[in-house]
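J.: Okay, handing you the structure first.
The values are calculated or read from the model by the stated rules, or taken from the named source; none is laboratory data. Owing to the predicted nature of the structure, the values given are computational and were not obtained by experimental measurement. Here the Cβ positions follow ideal geometry from the backbone for every residue, glycine too, while neighbour counts run over all protein chains shown. Calculation scope for accessible area: heavy atoms of the full protein, side chains included, ligands and nucleic acids excluded. Shrake-Rupley method; radii C 1.70, N 1.55, O 1.52, S 1.80 Å.
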There are 2 protein chains.
Amino acid sequence: MYRSHNCGQLNASHINTEVTLAGWVQKSRDKGFMNWVDLRDRYGITQLVFDEGRTDTTVFEQAKTLGREFVIQVQGTVIEREAKNKNIPTGEIEILVTQLTILNTALTPPFTIEDETDGGEDIRMKYRYLDIRRNPVKNSLLFRHKVAMEVRKYLSDLDFCEVETPYLIKSTPEGARDFVVPSRMNPGQFYALPQSPQTFKQLLMVGGMDKYFQIVKCFRDEDLRADRQPEFTQIDCEMAFVDQEDILTVFEGLTRHLLKEIKGVEVAKFPRMTYEHAMKTYGNDKPDIRFGMEFAELNTLAQHKEFSVFNNAELVVALAVPNGGNYTRKEIDALIEWVKRPQVGANGMVYVKCNPDGSFKSSVDKFYDSEDLANWAQATGAKPGDMIFVLSGPANKTRAQLSALRMELATQLGLRNPAEFAPLWVVDFPLLEFDSETSRYHAMHHPFTSPKPEDMPLLETDPAKVRANAYDMVLNGNEIGGGSIRIHDKATQQLMFKYLGFTEEEAKAQFGFLMDAFQYGAPPHGGLAFGLDRLVAILGGQETIRDFIAFPKNNSGRDVMIDAPSAIDSAQLKELHIQLN
Amino acid sequence: MYRSHNCGQLNASHINTEVTLAGWVQKSRDKGFMNWVDLRDRYGITQLVFDEGRTDTTVFEQAKTLGREFVIQVQGTVIEREAKNKNIPTGEIEILVTQLTILNTALTPPFTIEDETDGGEDIRMKYRYLDIRRNPVKNSLLFRHKVAMEVRKYLSDLDFCEVETPYLIKSTPEGARDFVVPSRMNPGQFYALPQSPQTFKQLLMVGGMDKYFQIVKCFRDEDLRADRQPEFTQIDCEMAFVDQEDILTVFEGLTRHLLKEIKGVEVAKFPRMTYEHAMKTYGNDKPDIRFGMEFAELNTLAQHKEFSVFNNAELVVALAVPNGGNYTRKEIDALIEWVKRPQVGANGMVYVKCNPDGSFKSSVDKFYDSEDLANWAQATGAKPGDMIFVLSGPANKTRAQLSALRMELATQLGLRNPAEFAPLWVVDFPLLEFDSETSRYHAMHHPFTSPKPEDMPLLETDPAKVRANAYDMVLNGNEIGGGSIRIHDKATQQLMFKYLGFTEEEAKAQFGFLMDAFQYGAPPHGGLAFGLDRLVAILGGQETIRDFIAFPKNNSGRDVMIDAPSAIDSAQLKELHIQLN
């Protein structure tokens, strides 16, 4: 037995107990006749003391050889500390060491094993096993485990059954790019790794499993962006004999449970917002509603005056910044430059300062009188002392630009408090979106999503107007989950593939198994998938997901620690009937 | 809302309640004026009644159109049943239906959706979603979920943290064949799918995670045998600052907990047996100890007589079959033929009948007198009325043959009771095994397994004799888990790779990251992995694992339902820089 207690366990109640501890040397302070060592493990830090007067000479001398991150085992007596540390649970005691065993030595770590480290991301990824020793990363992994366990318990208690679906499945050309796996036993054929267990969970519903969930790895071979991983984890859920309302109720319950159990936060019933409303009011289908600054459209109020920029624009849209009236000219110019950056893409920005005395000062005073500006203020809800910013241009682009500005302003104003949680549902997503590149419609969610029955006739006449029984759960400006009620009859599913530009043969070759299944008594069903990586990061109050993943990949999809991917030998390639070019 | 209750919920306490149910038509009995329908969902079966006298005519007529597996929704009143069925929870009531909605029709299923179906395995796999509607499969999946949840709860309560390790890792030539995944972003390079998260969990121990577990899919591209799947699930565990005793205690506790919680079975402390003892006594490193028939070696007693077959054999080994003395000549001949089958491979078998009067009748009476045979009886523990079977030949082969016979006899005698659970630990496995094909030693467990310190000197002189700190948990003749204390210092790990025939460069290229990690303060650690598929099947009292996997693959590695693997198009191949030949 290597230890009687861990390093976070001992306190004043253990004084005079003989204990054995094991762990890592966090640091040591050698005062000559006294030597203190902080011993660290996953559970905490316990102070060891080696005292020339009280410690055996050999042990005392040996302690002087200990380096940072050495792995040691000590025996000793718990004694009261002179200088107590109220900040840690073990701060009232220390161990007067009687025996010391060095279990392993350590090279000097390439960065400090401290909460604030001196190591950049690359080096921390290369030595991820050292990074994990740091509290922020270690605690993120423990936190992730806690969230996953709570999810499992909550759903199990509601009769959900976790079912493992296969990882070696069939490649489908829809959606993102698949990772593929050559089959040695079936030369020239490939498995695909699942982008989601979508069709399998639908088959489980056809199979009567009624309530399914799975915390499961999914894979997308997409060009990587910061904070997107080629393998990611979903909380995947599906229910039979449900309509949208049932689904929203269950999964709102899950999120509310997590917020309460894990964050101690009680939230009210989630607001619901249509996709259309979200786009018009926040320029975004995942609005952060921890703060206001809602959009007001000024077309009626601002067009047909002398200002051609607005007159020629599809959309003139504004928001009011609370207490923004005291922006300096320099600050305003900086914000104008900010929206003109290529990443945002505006051509310019109009501002209206709402002075405390009720007067206005704007960059378009030449074209608009104070009655006009007062109308703008009323439309945006601006009060004396606020600032109005106005953008104009093509509707979709301009909304996206103003949304970006809104988020930037909120960040600058400290309105995005990670300890505050503002969830909502966005509903009534469009079924289809037009892809101008391929000149065809794509499923906005996926091809298994059910159109709203009342919108079905529009499929022929105005496909872009068809709304889906699809919904997203949004938390603090992030989509944390999304789903839909599914099509559950073969005829509608065939129709959907037709509208998506599949030939009958293509649809059959790819998804024949699912449409066949629908013929044998498929129940109405629907579901939702949460992105666990992001959910955990947001609950943990972080913007980045990487610290919540034990062994993440970099932006080239490489694990720099194990050096993967790597070359494989020619014999292996031959067995797989593969040549490289 | 599709239903107020599920189909397993209603009983006499609900009489006169108005309810809404939804589910599948299991069967209907149309008596003309009365029509009974069994409505089924995951939770049970509820009887519906349509009565010409009491049911609306339209509804009554509609009910006559219902076919098997139609999906329907009904409203009605819970009434007392005339002919009660005590076998099901809902057997006291039925629903007098007032409204009927057909939610989906169904083609006639290709096999009956009954506990005992008329469908063979191939057709059941092709229509797995229908197979899952059958109780045996459905209950197996629910049972699997229950086992997995209990495992997670038990380990979490002991401070184990479930950490997700990556699926896209690095190919290693050791062990079984890897499935590989070509990387589009790194042309000519491949990820491998993990055969186990072995190195990652060791890195987590270096990272101070202390207690890790994960229920995780693993992959082996091996030629398939019945009941072996290319993707399989492990309960993967690792602990730091432990010796073998700590590990055995924790995971014996887990298994004992599962047996108690899930099967209601209390088992005593697990017996422990060395590998050597298991091989000598049962011919097998995973002995089924629900019954005796232990081996006795008869070399001393049976050699140096006139019987050259025994005299020339490396090993003469026997077992006694309790009450086997009444085997007929025909039955004995059948058993002799059984051991001579190529799958077993014995050349012949000697038998000794122990007559109730204390005399013997054997197939070698010519060579051995009754004193000899009495000695054999004493050695094997045979009593009057028992039967002794003796095999001879090369030691390892002969033990395997007698082990096969022992299992066959136990099956014939009904000694393998699936409701009885006899777990044990097999310990002190050899570190290495000699591969005559490649003329080198291979790691019996894996190259990270620690040799017993006291056996280290034998590595140079007699490698086959070196024992490892490795252990298997065995349950009812199946290895359900296995693990070892790991090497945790670079020098020993390097030495091990050397003994396994790696050049220094090969070892570094493949496992340099792990040996590097060992230099930065690796704690002593060890672990174990359970095969969840088999564990669940054994706890569920089944021999086959397939029913406990929602979507299994057949023996060619194919999922016949979704038709995977399949061809991928040339554009995709080009993107991956792959040509097929």
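J.: Is there a residue being assigned to a strand (DSSP E or B) and at pLDDT 90 or above anywhere in the range B:543-550?
T.: Among the residues of the range B:543-550, not one is assigned to a strand (DSSP E or B) and at pLDDT 90 or above, which makes the answer no.
To keep it simple, each residue is scored yes or no on (1) closer than 20 Å to B:Asn6 by Cβ; (2) of a type outside the set (Asp, Glu).
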position: B:Val49; (1), (2): yes, yes
position: B:Gly53; (1), (2): no, yes
position: B:Glu61; (1), (2): no, no
position: B:Val71; (1), (2): yes, yes
position: B:Val74; (1), (2): yes, yes
position: B:Lys84; (1), (2): no, yes
position: B:Glu92; (1), (2): yes, no
position: B:Gln99; (1), (2): yes, yes
position: B:Pro110; (1), (2): no, yes
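J.: Does B:Pro342 qualify as being touching a residue at least 60 places away in the same chain (Cβ under 8 Å), within 30 Å of the chain's Cα centre (by Cα) and open to solvent by 50 Å² or more (accessible area, probe 1.4 Å)?
T.: no
J.: Still on this structure, please answer the following. In the set B:Gly521, B:Gly483, B:Gly512, B:Gly501, which member is in the same structural domain as B:Gln542 (by TED's automatic domain parsing) and within 30 Å of B:Glu294 (Cα to Cα)?
T.: Exactly one residue qualifies, and that residue is B:Gly483.
J.: For B:Ala507, work out the one condition from (1) outside any strand (DSSP E or B); (2) within 30 Å of B:Met239 (Cα to Cα); (3) within 12 Å of another protein chain (Cβ to nearest Cβ); (4) of a type outside the set (Ser, Thr, Tyr) it doesn't fulfil.
T.: For B:Ala507, the failing item is (3).
J.: Can I ask one more? Among A:Asp227, A:Asp236, A:Asp221, A:Asp246, which is closer than 30 Å to A:Thr274 by Cα, touching a Pro at 6+ places or on another chain (Cβ under 7 Å) and assigned by TED's automatic domain parsing to the domain that holds A:Pro552?
T.: A:Asp236
J.: Counting only residues that are at the interface with chain B (Cβ under 8 Å from one of its Cβ atoms) and among the acidic types (Asp, Glu), which one in the range A:160-177 is most open to solvent (accessible area, probe 1.4 Å)?
T.: A:Glu164
J.: Could you say which residue among A:Ala334, A:Ala318, A:Ala313 is open to solvent by 30 Å² or more (accessible area, probe 1.4 Å) and of a type in the set (A, V, I, L, M, F, W, C)?
T.: A:Ala334
J.: Then there is this: Name the single residue that is farthest from A:Lys84 (Cα to Cα) among those in the range A:18-35 being open to solvent by less than 50 Å² (accessible area, probe 1.4 Å) and more than 14 Å from chain B (Cβ to nearest Cβ).
T.: A:Gly32
J.: Moving on to the next point. Report yes if B:Ala268 is in a loop (DSSP other than H, G, I, E, B) and either touching a Phe, Trp or Tyr at 6+ places or on another chain (Cβ under 8 Å) or more than 9 Å from every other protein chain (Cβ to nearest Cβ) (or both), otherwise no.
T.: yes
J.: Within the range A:212-227, take every residue that is within 8 Å of chain B (Cβ to nearest Cβ) and at pLDDT 95 or above and give me the one that is nearest to A:Phe448 (Cα to Cα).
T.: So, considering only residues that are within 8 Å of chain B (Cβ to nearest Cβ) and at pLDDT 95 or above, the one nearest to A:Phe448 (Cα to Cα) is A:Phe219.
J.: Let me ask something else. Among the residues of the range A:475-504, which ones are without any contact (Cβ under 8 Å) to a residue 24 or more places away in the chain and within 14 Å of chain B (Cβ to nearest Cβ)?
T.: Result: A:Ala491, single match.
J.: Something else about it: Out of the range B:188-205, which residues are more than 8 Å from chain A (Cβ to nearest Cβ) and either out of contact with any helix residue (DSSP H, G or I) (no Cβ under 7 Å at 6 or more places or on another chain) or aromatic (Phe, Trp, Tyr) (or both)?
T.: B:Pro194, B:Gln195, B:Ser196, B:Pro197, B:Gln198, B:Lys201, B:Met205 - these are the residues of the range B:188-205 that are more than 8 Å from chain A (Cβ to nearest Cβ) and either out of contact with any helix residue (DSSP H, G or I) (no Cβ under 7 Å at 6 or more places or on another chain) or aromatic (Phe, Trp, Tyr) (or both).
J.: Return yes when A:Lys465 is surrounded by fewer than 16 Cβ atoms within 10 Å (Cβ to Cβ) and not assigned by TED's automatic domain parsing to the domain that holds A:Gln234 and no when it is not.
T.: Taking the combined requirement at face value, the residue satisfies it.
J.: If you scan the range A:285-299, which residues turn out to be touching a strand residue (DSSP E or B) at 6+ places or on another chain (Cβ under 9 Å) and open to solvent by 20 Å² or more (accessible area, probe 1.4 Å)?
T.: A:Asp285, A:Lys286, A:Ile289, A:Gly292, A:Glu294, A:Phe295, A:Glu297, A:Asn299
J.: Show the residue pairs that are 6+ apart or on different chains and have beta-carbon atoms under 7 Å apart, the first residue being within the range B:51-75 and at positive phi and within 14 Å of another protein chain (Cβ to nearest Cβ), the second being assigned to a strand (DSSP E or B) and open to solvent by less than 10 Å² (accessible area, probe 1.4 Å).
T.: Partner pairs satisfying both residue conditions: B:Glu69/B:Trp24; B:Glu69/B:Val25.
J.: Another question about this same structure. Residues that are charged (D, E, K, R): which helices (runs of 4 or more DSSP H) entirely in the range A:287-390 hold 1 or more of them?
T.: The helices (runs of 4 or more DSSP H) meeting that bar are A:329-340, A:370-380.
J.: Report, by residue number, each residue of the range B:537-559 that is within 11 Å of chain A (Cβ to nearest Cβ) and in contact with an Asp or Glu (Cβ under 7 Å, 6 or more places away or on another chain).
T.: B:Phe548, B:Ile549, B:Ala550, B:Phe551, B:Lys553
J.: Only one of A:Ser570, A:Ser566 is without any contact (Cβ under 8 Å) to a residue 24 or more places away in the chain and at the interface with chain B (Cβ under 7 Å from one of its Cβ atoms). Can you tell me which?
T.: A:Ser566
J.: Look through B:Ala517, B:Ala522 and report the one residue that is at the interface with chain A (Cβ under 9 Å from one of its Cβ atoms), within 30 Å of B:Asp462 (Cβ to Cβ) and either small (Gly, Ala, Ser) or open to solvent by less than 30 Å² (accessible area, probe 1.4 Å) (or both).
T.: After ruling out the rest, the residue left standing is B:Ala522.
J.: Hey, any hits in the range B:180-199 for a residue that's assigned by TED's automatic domain parsing to the domain that holds B:Lys498 and among the charged types (D, E, K, R)?
T.: Yes - at least one qualifying residue is present in the range B:180-199.
J.: Can you find even one residue in the range A:104-111 that is modelled with pLDDT of 95 or more, within 14 Å of chain B (Cβ to nearest Cβ), part of a strand (DSSP E or B) and buried (at least 18 other Cβ atoms within 10 Å of the Cβ)?
T.: yes
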